[in-house]
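Q: Next up is a structure, given as structure tokens.
What follows is calculated from the coordinates using simple rules that are stated; it is not laboratory data. Only a predicted model underlies this, so the values are computations on that prediction, with no experimental measurement involved. Cβ coordinates were reconstructed from backbone atoms using ideal geometry, including for glycine residues, and neighbour counts include every protein chain displayed.
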Amino acid sequence: MVREPIVEGIFYPADADGLKAKIQALLAHSTTLPGHAKLIVSPHGSFEFSGAIMAEAYRATAAANPKRIIVIGSCFHTKQSAIFLPESTLFRTPLGDSPVDTKFIDELMDVSTIMVRNDLPHLEEHSIEVQLPFIQYLFPGIPIIPILLGNSSNAVFKSLIAGFSLTMADVSQRCLLVISSNMSAALDRTQAHREAEQLLNILIAGDGWEILAAVDRNELSGENAAGLAVAAHFSQGGELNIVARGSSLPVQYDQSNVVEYAALALY
């Protein structure tokens with residue numbers, strides 16, 4: 001089974017040559033040195049809006065040599081407290097196919113009833129797909145574990161952390177974790193900046209539970225919270241570095257509808 005692309009030609013170029021050239025150009029303009037980051041946070045806007053910030057995130061891990069890549073995205077079409085794992089064994093973009101690490105998926109399925117094998121959410125969401133061109137360009141043929149989080153609840157966060165603790169004994173040994181997330185919802189300029197500042201402060205402090213608590217207090221939007229809580233959890237003992245920031249304003253100057261972006265890396 002193949003998960004076909006759904007936003008090619010919309011969020012990124014639809015032809016292989018054009019897509020490759022776009023990624024090369026974005027990476028060439030990056031100011032981040034190629035590094036060995038084992039965790040990155042990368043935006044999931046279109047390449048036009050957030051491609052430059054995405055490139056900074058991927059440059060931070062471009063010198064790494066992962067044997068598997070876990071990509072965590074948010075599922076915006078459901079409020080179900082579930083972790084959606086793919087039925088498909090290949091994820092396709094114009095650059096080719098990324099094989100899914102089905103053994104790892106099988107192991108996660110044994111951890112919790114919150115883990116659900118269901119392709120439908122994956123067919124409706126772009127947050128993982130937009131990361132794949134960079135992954136395929138930098139790490140061709142490396143197996144991926146695509147994970148969509150259906151709700152920013154404590155149960156989802158706890159189940160995912162428990163699953164990783166049982167299946168990722170080598171998390172620090174050639175395993176790259178990619179969190180696909182923006183730093184704010186689409187808000188007015190002041191609110192978007194305030195949300196991004198609060199999120200980044202909590203992320204750097206390494207407090208995943210506080211991100212979820214801030215959502216419960218209606219201080220943060222919940223759409224990306226669970227994935228960012230995972231990033232904060234795995235940064236304990238280290239520190240997430242902010243390698244780039246930006247927003248949608250340079251492309252779409254609408255101060256009432258702003259999305260904030262950031263690239264972060266844990267070395």
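Q: For the list (1) in contact with a strand residue (DSSP E or B) (Cβ under 9 Å, 6 or more places away or on another chain); (2) among the charged types (D, E, K, R); (3) surrounded by fewer than 18 Cβ atoms within 10 Å (Cβ to Cβ), I need the number of the one condition that residue 223 fails.
A: Of the numbered conditions (1) in contact with a strand residue (DSSP E or B) (Cβ under 9 Å, 6 or more places away or on another chain); (2) among the charged types (D, E, K, R); (3) surrounded by fewer than 18 Cβ atoms within 10 Å (Cβ to Cβ), the odd one out for residue 223 is (3).
Q: While we're looking at this one, here's another question. Out of the residues in segment 123-166 that are closer than 25 Å to residue 210 by Cα and among the β-branched types (Val, Ile, Thr), state the one that is surrounded by the fewest Cβ atoms within 10 Å (Cβ to Cβ).
A: 161
Q: Condition first: outside any helix (DSSP H, G or I), over 18 Å from residue 74 (Cα atoms) and among the hydroxyl-bearing types (Ser, Thr, Tyr). Now tell me which residues in segment 102-132 satisfy that.
A: Within segment 102-132, the subset outside any helix (DSSP H, G or I) is 110-118, 125-128.
Restricting the remaining residues to those that are over 18 Å from residue 74 (Cα atoms) gives 110-113.
Scanning segment 102-132 gives 112, 113.
Q: Additional query: Can you name the residue in segment 174-227 that is assigned to a loop (DSSP other than H, G, I, E, B) and without any contact (Cβ under 8 Å) to a residue 40 or more places away in the chain and is also farthest from residue 54 (Cα to Cα) among such residues?
A: Looking at residues that are assigned to a loop (DSSP other than H, G, I, E, B) and without any contact (Cβ under 8 Å) to a residue 40 or more places away in the chain, I get 217.
Q: Would you check which residues across segment 228-246 are over 18 Å from residue 58 (Cβ atoms) and without any contact (Cβ under 8 Å) to a residue 60 or more places away in the chain and list them?
A: 232, 236, 237, 238, 239
Q: So, in segment 24-33, how many residues would count as being over 12 Å from residue 243 (Cβ atoms) and either out of contact with any Gly (no Cβ under 8 Å at 6 or more places or on another chain) or loosely packed, with under 14 Cβ neighbours inside 10 Å (or both)?
A: 5
Q: Then there's this: Of these, 37, 63, 21, 14, which one is of a type in the set (A, V, I, L, M, F, W, C) and assigned to a helix (DSSP H, G or I)?
A: Just one listed residue meets the conditions, 21.
Q: May I ask you to list the residues in segment 247-267 that are of a type outside the set (A, V, I, L, M) and touching a residue at least 60 places away in the same chain (Cβ under 8 Å)?
A: 248, 252, 255, 256, 257, 260, 261, 267
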